[in-house]
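The structure appears right after this line, and notes come after that.
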Amino acid sequence: MKKVSLFSALLLLMGLGLHAQQISPQAPQDAPKASDFTNDEYDKFVAINAELIPVQQEVQGKMMDAIKEEGLDVQRFQELMQAQQTGKLTDASDDPEEIGKFNKAGQKVMEIQKEIQTKAEGLIEDNELSVQKFQQMSMAYNQSQEVRAKVDTLISKKMEGQ
């Protein structure tokens with residue numbers, strides 16, 4: 001299923017902090033409509049996401065390597081990251097050595113995230129779409145079945161043409 005791969009790149013990037021500015025989520029009654037965006041914007045959005053797949057794969061590998069280089073399992077790093085985000089890192093680990101490894105790996109991951117953010121923003125701008133519009137379309141894809149259906153249809157057509 002290429003659709004899942006295509007948008008796993010998008011979701012990863014959004015999760016990595018590709019936020020030039022914060023866009024507050026719309027209330028469900030304000031769900032975006034397919035008509036909120038032009039056909040040209042949809043084409044650019046799909047093209048950008050297609051270009052982001054190899055970048056996402058490269059970054060994912062770099063992050064996993066950085067975590068492993070510090071002597072942590074990727075799953076354990078994720079557990080510690082979730083604990084840190086909820087303010088309960090010391091509940092997840094009382095081992096100072098493990099927390100030190102987590103912190104070093106986290107710093108490396110943050111550097112990799114900055115790199116991917118720069119690459120992603122460049123790809124977006126190279127495709128003549130603003131980062132803000134890309135973010136709006138990403139949120140619309142996640143919030144609106146109508147927008148998702150339109151994007152998925154364009155992806156299918158693009159893949160058939162290859």
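Multiply the residue separation of residue 146 and residue 82 by 0.36 nm, subtract the distance between their alpha-carbon atoms, and state the gained length in nm to one decimal.
Net length gain for the segment: 19.8 nm.
Taking the simple approach of a point 7 Å from Cα along Cα-to-Cβ for both residue 53 and residue 131, what is their distance in nm?
Placing both labels 7 Å along Cα→Cβ, they lie 2.5 nm apart.
For a label point 7 Å from the Cα of residue 153 along Cα→C-beta, name the residues of the stretch 36-64 whose backbone N is under 18 Å from it.
Residues passing the 18 Å test: 36-47.
For the pair residue 75 and residue 38, how long in nm is the line joining their label points, each one 7 Å along Cα→Cβ?
4.9
With a cut-off of 8 Å between alpha carbons and a minimum separation of six or more residues, what is the relative contact order of the stretch 43-123 in percent?
RCO, the stretch 43-123: 41 percent.
How much length would be gained if the chain were fully extended between residue 62 and residue 99, taking 0.36 nm per residue of separation minus their Cα-Cα distance, in nm to one decimal?
In short, 11.3 nm is gained.
Over the stretch 26-162, with a single point scatterer placed on each C-alpha, what log10 of the ratio I(q)/I(0) does the Debye formula yield at q = 0.20 1/Å?
Cα-only, vacuum Debye calculation for the stretch 26-162: -1.07.
Rule-based calculations on the coordinates, nothing more; no lab input. Note that this is a predicted model, so its numbers are computed, not measured. Here Cβ is always computed from backbone atoms with ideal geometry, including for glycine, and neighbour counts include all displayed protein chains.
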